[in-house]
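Since the structure comes first, as structure tokens, the remarks are kept for the end.
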Ligand code: HEM
């Protein structure tokens, strides 16, 4: 769980995320896939190039932040993303890598706005979302073993 202070800090980054979200996710994908080319086989590279994937990720992050204190609202979105993750064989051990590149991209794009305190709060927020996603994906993998 995030502390009240962390929650407020993450929420305070919303305007910057709304403005620069797509740039952040573009930098995120470019660096992550550039430095880990083995991930290419998991992602649909056409959607990468036409910007659809960064757009969807940016939107999902904004929706998450908007609902940080009412996570139950995220149910349908988590469900959709979790099913897509299972289809594309996303595993729990990949979450820290994705988190690292996402936070790094925020730092690159938002620069000085990402103080150590903001980074710490965002690390906790990512961790919390990752736990929700991983838990649901684990259930789906259990339900649909034929997909693996
Ligand atoms: C909390 C962290 C994450 C969030 C918020 C997130 C969000 C999303 C969203 C919104 C989509 C698009 C779903 C759709 O509308 O089709 C997606 C798809 C995907 N995600 Fe994630 N994701 C996260 C973590 C990860 C991790 C750890 C991986 C591992 C590499 C990953 C790999 C993928 C892949 C491969 C797709 C399908 C892309 C495609 O269709 O080409 N994601 N994710």
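Values quoted throughout were computed directly from the atomic coordinates according to the rules given, and no laboratory measurement underlies them. Every value quoted in this text rests on a predicted model; they were computed, and no experiment measured them. Note that we place each Cβ from the backbone using ideal geometry, even for glycine, and neighbour counts take in every protein chain shown.
Taking the convex hull of the alpha carbon atoms in the chain, what volume per residue do you get, in Å³?
So the per-residue hull volume is 107 Å³.
One-quarter of the Cα convex hull surface for the range 1-64, in nm²?
5.2 nm²
For 12, 41, what's the fewest-to-most ordering of other Cβ within 10 Å of each Cβ?
Result, fewest neighbours first: 41, 12.
Roughly what percent of Cα-Cα pairs across the range 64-148 reach past 17 Å?
53 percent
May I have the pair-distance distribution P(r) for the range 27-68, computed from all Cα-Cα distances with 10 Å bins from 0 and rounded to whole percent?
Per 10 Å bin, starting at zero, the Cα-Cα P(r) for the range 27-68 comes out as 26, 49, 22, 3 percent.
Determine how many Å³ per residue the convex hull of the Cα atoms of the range 71-110 encloses.
Dividing the Cα hull volume of the range 71-110 by its residue count gives 98 Å³.
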